[in-house]
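Engineer: Quick one: structure below, then a few questions.
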DNA sequence: GCCGGAATACTCTGAGCAGAGTATTCGGCG
DNA sequence: CGCCGAATACTCTGCTCAGAGTATTCCGGC
């Protein structure tokens, strides 16, 4: 089991809404959406209702009343408990203070990148760089609009963080693509050669049985010592 | 349903191993571990075996033989199919070329950060910065050791990416902490005041019914126009 | 030669969660 | 005044996957 009884970050968002005032689940979802929090916290109804149920089971929130406006379906209004407030503050503090290992999809991609030839990888990463630029443009436009509407940085800080990380990724990718294209990336020749040989029908075992013969001096570097 | 029949990145890693040569599941896990890929791709046995089963169901891999060495339990050796090779290349290409929205835990934390008073947030983020520095040191030490053992960048690239992103996060956090502490962060006074008032028993509604009275001129900025 | 710990090689279980589906009601437009 | 689409407000289903548990075997030390 993970540290928290309810692990989904959406539960933290629910607690943060209910810390302001009692609400019913759909109102929680609308509030989060209005404030743009669904950009940072994945929100879907399936999860929302099961998360609310789980929070109630653990007495972090409690049902207040079931009201009905007009002929609309019944809605249960929930309020946060003292235990819920404590959990919210403790959880949020942990989130801010403690880095956790996150498995980024690009990290997986880079880890397996030798599975494609270097020129293909360079082309694909080039495409990624272009797409990142488009995304950055969209984020910037959104920020400008938000500021024009008088929104302060306090409510944009998560988006500013996102922008910062996107820009960092772009910088890394552009450097990597440049090195792959220029040949400055060490071992790129041998890496390309491996794919040529495999296309000719050689197996990995055959190639690495005598790397220097098949790949040249650079091939030696592909085989870790010890 | 998501685009891939088998969605777990671990499945991609399995395909990448079997693209080299047939293996049995436990050998796949050892191979990934040896190469340090479990730093970038979450690997646990429960997932591994269900992922292998799913890949087989979709004819991306197929069972070759069940062998037994000595009295060890039976092991099923799997080989990749042509469909599996196609899926591997297509999937990897997508991973490299197409950014996907990932929900970072810090992004969630920052989005909900107004739920704690600014001085507390600054302290917590300061702790995070310290921890990030420790992590960066560990990654650097690991890289030095890997290079000393003759490992080329090709097999470290995902770790270099990770390092780059950690450093970027650190830079963002340090700037943010400095702005919070110096008061350069817009709205920080009003934000602190909201928490004081709440501690005195006022509700959010009461405070925001007349923000300028409770929070001063700065309070106006906390209420978005329109 | 026997004991303990590491390595080998999985299996089981159940909670969580995503995505799709459903039913109702409101508001605006022709 | 009737229709259509958007908004409201959920419910259901099934699959994934994490974590813990299990059994065997090898190996090194005493």
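The values are calculated or read from the model by the stated rules, or taken from the named source; none is laboratory data. Since we're looking at a predicted model, the values are computed, not measured. Every residue, glycine among them, receives a Cβ derived from its backbone with ideal geometry; neighbour counts consider all protein chains shown.
Engineer: Does residue B:127 satisfy the criteria of being more than 16 Å from DNA strand D (Cβ to nearest atom), under 26 Å from the mean Cα position of the chain (by Cα) and under 19 Å from residue B:166 (Cα atoms)?
Structural biologist: Considered against the rule, which asks whether it is more than 16 Å from DNA strand D (Cβ to nearest atom), under 26 Å from the mean Cα position of the chain (by Cα) and under 19 Å from residue B:166 (Cα atoms), residue B:127 comes out as yes.
Engineer: Let me ask another. If you scan the stretch A:16-47, which residues turn out to be within 11 Å of DNA strand C (Cβ to nearest atom) and in contact with a helix residue (DSSP H, G or I) (Cβ under 8 Å, 6 or more places away or on another chain)?
Structural biologist: Across the stretch A:16-47, the qualifying residues are A:41, A:42, A:43, A:45, A:47.
Engineer: Could you go through the stretch B:185-206 and let me know if any residue there is at the interface with chain A (Cβ under 9 Å from one of its Cβ atoms), in contact with a helix residue (DSSP H, G or I) (Cβ under 7 Å, 6 or more places away or on another chain), part of a helix (DSSP H, G or I) and under 21 Å from residue A:98 (Cβ atoms).
Structural biologist: No, the stretch B:185-206 contains no residue that is at the interface with chain A (Cβ under 9 Å from one of its Cβ atoms), in contact with a helix residue (DSSP H, G or I) (Cβ under 7 Å, 6 or more places away or on another chain), part of a helix (DSSP H, G or I) and under 21 Å from residue A:98 (Cβ atoms).
Engineer: Scan the stretch A:131-154 and report the pairs whose first residue is more than 7 Å from chain B (Cβ to nearest Cβ) and whose second residue is modelled with pLDDT of 95 or more and assigned to a helix (DSSP H, G or I), with Cβ atoms within less than 6 Å and a gap of 6+ or a chain change.
Structural biologist: Hits for this filter: A:136/A:166; A:139/A:163.
Engineer: Does residue A:109 meet the test of being under 20 Å from residue A:168 (Cα atoms) and more than 7 Å from every other protein chain (Cβ to nearest Cβ)?
Structural biologist: Judged against the criteria, residue A:109 is not a match.
Engineer: Out of all the residues in the stretch B:78-87, is one or more within 16 Å of DNA strand C (Cβ to nearest atom) and either away from chain A (no Cβ under 14 Å) or free of Cβ contacts under 8 Å to residues at least 60 places away in the same chain (or both)?
Structural biologist: Yes, some residue in the stretch B:78-87 is within 16 Å of DNA strand C (Cβ to nearest atom) and either away from chain A (no Cβ under 14 Å) or free of Cβ contacts under 8 Å to residues at least 60 places away in the same chain (or both).
Engineer: Shifting gears a bit: Here is a list of conditions, (1) facing chain A (nearest Cβ under 7 Å); (2) closer than 24 Å to residue A:37 by Cβ; (3) within 16 Å of DNA strand C (Cβ to nearest atom), and residue B:101 meets all of them except one; can you say which number that is?
Structural biologist: (1)
Engineer: Still on this model: Quickly run through the stretch A:155-170 and pick out the residues that are touching a residue at least 12 places away in the same chain (Cβ under 8 Å) and more than 14 Å from the chain's Cα centre (by Cα).
Structural biologist: A:155, A:156, A:160, A:167, A:170
Engineer: Please tell me if residue A:45 is more than 23 Å from the chain's Cα centre (by Cα), more than 7 Å from chain B (Cβ to nearest Cβ), at pLDDT below 95 and on the phi < 0 side of the Ramachandran plot.
Structural biologist: Against the criterion (more than 23 Å from the chain's Cα centre (by Cα), more than 7 Å from chain B (Cβ to nearest Cβ), at pLDDT below 95 and on the phi < 0 side of the Ramachandran plot), residue A:45 does not qualify.
Engineer: Also: Taking into account only those residues within the stretch A:5-19 that are within 12 Å of chain B (Cβ to nearest Cβ) and over 30 Å from residue B:209 (Cβ atoms), which is surrounded by the fewest Cβ atoms within 10 Å (Cβ to Cβ)?
Structural biologist: A:7
Engineer: Another question, then. How many residues are within 21 Å of residue B:129 (Cβ to Cβ) and crowded, with 18+ Cβ neighbours inside 10 Å when one looks only at the stretch B:167-191?
Structural biologist: Adding up the residues that qualify gives 11.
Engineer: Being modelled with pLDDT of 95 or more and either away from DNA strand C (no atom under 15 Å from the Cβ) or in contact with a strand residue (DSSP E or B) (Cβ under 8 Å, 6 or more places away or on another chain) (or both) narrows it down to one of B:13, B:63, so name that one.
Structural biologist: Criteria check complete, one pass: B:13.
Engineer: Same structure again: Could you list all residues from the stretch A:20-60 that are surrounded by 19 or more Cβ atoms within 10 Å (Cβ to Cβ) and in a helix (DSSP H, G or I)?
Structural biologist: Residues satisfying the conditions are A:25, A:28, A:29, A:32, A:37, A:39, A:48, A:51, A:52, A:55.
Okay, residues lined up against (1) outside any loop (DSSP other than H, G, I, E, B); (2) in contact with a helix residue (DSSP H, G or I) (Cβ under 8 Å, 6 or more places away or on another chain):
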site: B:90; (1), (2): yes, no
site: B:94; (1), (2): yes, no
site: B:106; (1), (2): yes, yes
site: B:129; (1), (2): yes, yes
site: B:133; (1), (2): yes, yes
site: B:136; (1), (2): yes, yes
site: B:151; (1), (2): no, no
